[in-house]
Every structure is written in structure tokens, then in C-alpha cells.
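Encoded as C-alpha cells, the structure appears first; notes follow it.
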Amino acid sequence: MKNKQLKIAIACDHAAYQLKIDIVQYLASRQIDVLDFGTNNCTVSVDYPDFACMVAQSITSRESDFGILLCGTGIGMTIAANKHNGIRCALCSDTYSAKLTRLHNNANVLSMGARVIGSGLALDIVDSFLSTEFSNEDRHNKRIAKLEN
Ligand code: RB5
């Protein structure tokens, strides 16, 4: 990862609690600031939209630079996050998609499914996402502007 000053907002539901711990520890080991919005156990069932909302607000208020959202499939978190203006959340299960969604979509939230991929791959995906800058090419800026409008 290039930029160690990043602040990352992270949240999960009960299905992805262990993966969140793994990612928080990974980011901390790389001196990346993490704002952890929970949930904080795997035994109490919670509703993913509540957690996606907290991460989305952290980004749109500029408290955080990027977000990471985790649930069983990653799908619920992705749908919920993308309801928020200014959020471009990408569900990724491979490193190529994580890189391309930064390059082309300027995604600001990464979502993953803890019941879909293992921890090792998830950490590689986080690396790929956070180490890739938006291309800032006109054609991509034009398309992102259409998303916002
Ligand atoms: C929880 O059982 C599960 O529905 C949730 O983690 C997620 O996969 C939803 O999209």
C-alpha cells in the first residue's frame, strides 16, 4: 500500500465478524487508521443496512477516505451502501475487480462476502483496492458524473 495516512471505515454484520477482525488487524499492522463501526460479535443477529449506513456517512462527511463492508455474501451491504449519494460500493471476490473498480469506477467502498471468500484472499483484495488510484481519465469521470446525476 502506498498511502499510510488513509483512514478506513469498516463494519460488518454477525456473519462476517471474524473476517472484520482479520482485516482490522491487517490494516493496523500497516499503520492504517481504522474506524470500526461494529458489529462486535457473531452471536447477536444484526441488520446490515444499519452498518452500511454508518460507513457511508463516515465517507460522505469526509471523516474517512474509504470504507470496507462485510456480510455473509457482501450483497446486502453493497445494495445498502449504494443507496447513499456519493457512495460507489463494489462487491469484489477477486483482486482484478478490486483494482479495476478503483481505476475505472473510483469506488470508495469495498464490499466482500465472508461466506464466499477466505481471509487470505480478502486481505489481498483489500491490498489491491487500497493501493490503486483512480485513473482520473475523462471517459471515466464522465461516466461517474452520470452515476451521481
Ligand atoms: C445474514 O444471514 C446474511 O443475510 C447477510 O450477512 C448477508 O449475506 C446479506 O446480504
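The values are calculated or read from the model by the stated rules, or taken from the named source; none is laboratory data. This structure is a prediction, so every number in the text was calculated from the model and none was measured. When we count neighbours, we look across all protein chains shown, and the Cβ atoms used for this are built from the backbone with ideal geometry, even at glycine. Each accessible area value is taken on the protein alone, full model and side chains, heavy atoms only, with ligands, DNA and RNA left out. Shrake-Rupley method; radii C 1.70, N 1.55, O 1.52, S 1.80 Å.
Listed values, structure above:
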{"quantity": "Residues of segment 31-60 classified as surrounded by 13 or more Cβ atoms within 10 Å (Cβ to Cβ) and either farther than 24 Å from residue 88 by Cα or of a type in the set (A, V, I, L, M, F, W, C) (or both), total", "calculated": "14"}
{"quantity": "Out of 12, 92, sole residue that is closer than 22 Å to residue 135 by Cβ and within 14 Å of the chain's Cα centre (by Cα)", "calculated": "92"}
{"quantity": "The one condition in (1) out of contact with any Ser or Thr (no Cβ under 9 Å at 6 or more places or on another chain); (2) of a type in the set (A, V, I, L, M, F, W, C); (3) farther than 24 Å from residue 149 by Cα that residue 70 fails to fulfil", "calculated": "(1)"}
{"quantity": "For residue 126: the one exception among (1) away from the ligand (no atom under 16 Å from the Cβ); (2) among the β-branched types (Val, Ile, Thr); (3) in a loop (DSSP other than H, G, I, E, B)", "calculated": "(3)"}
{"quantity": "Test: residue in segment 133-145 that is aromatic (Phe, Trp, Tyr) and in contact with a helix residue (DSSP H, G or I) (Cβ under 7 Å, 6 or more places away or on another chain)", "calculated": "yes"}
{"quantity": "Segments classed as strands (runs of 3 or more DSSP E), wholly inside segment 1-93, with at least 1 members that are more than 16 Å from the ligand (Cβ to nearest atom) and either over 17 Å from residue 106 (Cα atoms) or free of Cβ contacts under 8 Å to residues at least 40 places away in the same chain (or both)", "calculated": "33-36"}
{"quantity": "All positions within segment 96-115 that are surrounded by 17 or more Cβ atoms within 10 Å (Cβ to Cβ) and closer than 13 Å to residue 19 by Cα", "calculated": "111, 112, 113, 114"}
{"quantity": "Hey, residue 142 open to solvent by 60 Å² or more (accessible area, probe 1.4 Å) and under 15 Å from the mean Cα position of the chain (by Cα) or not", "calculated": "no"}
{"quantity": "Answer from 119, 135, 93 - the residue that is at negative phi, small (Gly, Ala, Ser) and open to solvent by 50 Å² or more (accessible area, probe 1.4 Å)", "calculated": "93"}
{"quantity": "Qualifying positions in segment 74-90 - open to solvent by 20 Å² or more (accessible area, probe 1.4 Å) and within 20 Å of residue 61 (Cβ to Cβ)", "calculated": "82, 83, 84, 85, 86, 88"}
